[in-house]
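**Q** Sharing a structure here in structure tokens format.
No lab work stands behind these numbers, since they all come straight from the coordinates. Since the structure is predicted, the reported quantities are computational estimates derived from the model, not experimental observations. Reconstructed Cβ throughout: ideal geometry from the backbone, glycine too, with neighbour counts over all protein chains shown.
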Amino acid sequence: MNRIFRREFTTSIKRLEIYKNTGDFNNLITRSSNKPLLVDWTAEWCPPCKLLAPLLENVSQGNDSKVDLIKIDVDENVELAREYSITSMPTVIAFKSGKPVSKFVGAVNKQQLDSFVEHINKI
């Protein structure tokens, strides 16, 4: 069973459900036009992913957050990861108006993440 982790937001995207196929994922990113959507491609066994996770969650929480966030387990969504050429984790792709606009690979610190968020909000 393919699964994307579920998380509640108080922003433009309503409560995220489990998406089982590429079509569902594409519908989700298309609906994310109000603010950037960060897609965190991760795996349970990935230590850098575990370091990055709390930073991503902090930057996406609260009514004043500048981004929304979803996490995708690449082991459970192999075809989707292949479609987006995910070869290393963590990989974070930022989407705006349904299109990928920027990405980074590997764990970053808070300052680097804040800079990334500011950058994608100016695009």
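**Q** Full-extension gain between K99 and V78, please, as 0.36 nm times their residue separation minus the C-alpha to C-alpha distance.
**A** Working: separation 21, 0.36 × 21 = 7.56 nm, distance 2.02 nm.
Full-extension gain reported as 5.5 nm.
**Q** Please turn the phi angles of region 52-62 into ³J(HN,Hα) values with the Karplus equation 6.51 cos²θ - 1.76 cosθ + 1.60 (θ = phi - 60°), one per residue in order, whole Hz, x for glycine and proline.
**A** Along region 52-62, the couplings run 7, 3, x, 5, 5, 5, 5, 6, 9, 8, x Hz.
**Q** For region 109-123, what does the Karplus curve 6.51 cos²θ - 1.76 cosθ + 1.60, with θ = phi - 60°, yield as ³J(HN,Hα) per residue in whole Hz, taken in order and with x for Gly and Pro?
**A** 8, 4, 4, 5, 5, 4, 5, 4, 4, 4, 4, 6, 6, 8, 6
**Q** Fewest to most neighbouring Cβ within 10 Å: what's the order for S85, S115? Don't skip to the end; give the middle numbers.
**A** On the way: S85 9, S115 12.
Ranked by crowding around the Cβ, least crowded first: S85, S115.
**Q** Mind listing which chymotrypsin sites (Phe, Trp or Tyr not before Pro) in region 23-71 are in a DSSP loop and have 12 or fewer other Cβ atoms within 10 Å? List each step's numbers first, then the result.
**A** Working: sites: F25, W41, W45; in loops: W45.
The qualifying sites are W45.
**Q** Given I86, P100, N58, which one lies farthest toward the positive end of the charge dipole of region 22-122, if we put +1 on the Cβ of every Lys and Arg and -1 on the Cβ of every Asp and Glu?
**A** Highest projection toward the positive end goes to P100.
**Q** Determine ³J(HN,Hα), in whole Hz, for all residues of region 83-96 in sequence, where each value follows from phi through the Karplus function 6.51 cos²θ - 1.76 cosθ + 1.60 and θ = phi - 60°; x replaces Gly and Pro.
**A** In residue order, the calculated couplings are 4, 9, 6, 7, 10, 9, 10, x, 10, 10, 10, 9, 10, 9 Hz.
**Q** Also: Calculate the radius of gyration of the Cα atoms of region 22-122 to one decimal place, then report Dmax, the largest Cα-Cα distance, as a whole number, both in Å.
**A** Spelled out, the Cα radius of gyration and Dmax of region 22-122 are 12.7, 34 Å.
**Q** Counting other C-beta atoms within 10 Å, and keeping those with at most 11, which DSSP coil GluC sites (Glu not before Pro) do you find in region 16-123?
**A** Sites meeting the loop and neighbour criteria: E17, E44.
**Q** Something else: Sequence-distant or interchain residues sharing an amide H contact under 5 Å with G106, placed H: which?
**A** The list, which skips near neighbours in sequence, is T91, V92.
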